[in-house]
1. So what is log10(I(q)/I(0)) for region 134-191 at q = 0.19 1/Å, when the Debye sum runs over its Cα atoms only?
2. Go ahead and set up a Gaussian network model of the chain, Cα springs under 10 Å, then flag whichever of Leu109, Leu30, Leu138 fluctuates most.
3. Amide H to amide H under 5 Å from Val134: which residues, 5+ apart in sequence or cross-chain, H placed 1.01 Å off N in plane?
4. Once you list every other residue whose beta carbon is under 15 Å from the beta carbon of Gly78, what net charge do they have if Lys and Arg are +1 and Asp and Glu are -1?
5. Convert each backbone phi in region 19-26 into a coupling constant with the Karplus relation 6.51 cos²θ - 1.76 cosθ + 1.60 (shift: θ = phi - 60°), then list the ³J(HN,Hα) values in order as whole Hz, x for Gly and Pro.
6. Using the Cβ atoms and a cut-off under 12 Å, what net charge is assigned to the surroundings of Ala120, where Lys and Arg are +1 and Asp and Glu are -1?
7. Would you kindly derive the ³J(HN,Hα) couplings of region 51-66 from the backbone phi angles with the Karplus curve 6.51 cos²θ - 1.76 cosθ + 1.60 (θ = phi - 60°), listing them in order in whole Hz, with x for Gly and Pro?
8. Taking the chain as the reference, fit the longest principal axis to its C-alpha atoms, fit the long axis of helix 177-190 to the helix C-alpha atoms, and give the angle between the two in degrees, 0 to 90, nearest 10.
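The values are calculated or read from the model by the stated rules, or taken from the named source; none is laboratory data. As the structure is a prediction and not an experimental result, all values here were calculated from the model. With ideal geometry, Cβ positions are generated from the backbone for all residues, glycine too; neighbour counts draw on all protein chains shown. Note: accessible area is taken over every heavy atom of the protein model, side chains too, but ligands, DNA and RNA are not part of it. Shrake-Rupley method; radii C 1.70, N 1.55, O 1.52, S 1.80 Å.
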Amino acid sequence: MDPFVTLTAPAVPLDIANIDTDQLLPARFLKKPRSAGYGNFLLRDERKPGFPLDDPAYVGARVLVTDRNFGCGSSREGAVYALVDGGFRCVVAPSFGDIFAANAAKNGLLTITLPEETVAELRRQLQETPGAAVTVDLPAQTLTGPDGRPLAFPIDPFKKECLIEGLDDVALTLRHQDAIDAFDRADAAARPWLVPGG
């Protein structure tokens, strides 16, 4: 996955709490291959007239600033795919569904948790200045909103390392390729009867 170090991009505010994974990617689209572009299905059933993601002022937004309990519901990894394929690299909320947050990190999507009143103020700034950019500095663990004030956010050190280095589960495993190969050779020598064709 692409490393996440710093990002300066427009942010879109979404004043909806408890957005679940079925809202992020409705179940009827799960039968489609991801190559169909899951971003096209992101929040499909929520997109009534005036929906912020359809507002031309927020074209190119890569940061979503929303309300509490984002990504609750099922463990649908496709919900994260829909956000990533829709161009998002970061979601800011007061709280997240645990499984969603874990899936997000494994797919290069940074979830930032900040106090509810802080996130509400950030959404207010973005609504007052549509298309305004925010800057996320992951090494420094800060998010700077339109008012220029840096906000410190917490993050698990292992999740931070994986995002900065662009390491998904496969890449993490491949970091141990030499040890895996050495084990395979030693095991094949100790138990040759288990080696196919041996």
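1. Taking Cα atoms of region 134-191 as identical point scatterers yields -0.76.
2. Answer for the Gaussian network model of the chain: Leu30.
3. Ala9, Ala11
4. On the way: positive: Arg28, Lys31, Lys32, Arg34, Arg44, Arg76, Lys106; negative: Asp20, Asp22, Asp45, Glu77, Asp85.
So the surrounding residues net to +2.
5. Result, rounded to whole Hz: 6, 9, 5, 6, 6, 4, 9, x.
6. On the way: positive: Arg68, Arg123, Arg124; negative: Asp15, Asp67, Glu116, Glu117, Glu121.
Every neighbour counted, the sum reads -2.
7. Residue by residue, region 51-66 yields 5, x, 5, 9, 6, x, 5, 9, 4, x, 4, 10, 10, 10, 10, 10 Hz.
8. Compared with the principal axis, the helix lies near 30 degrees.
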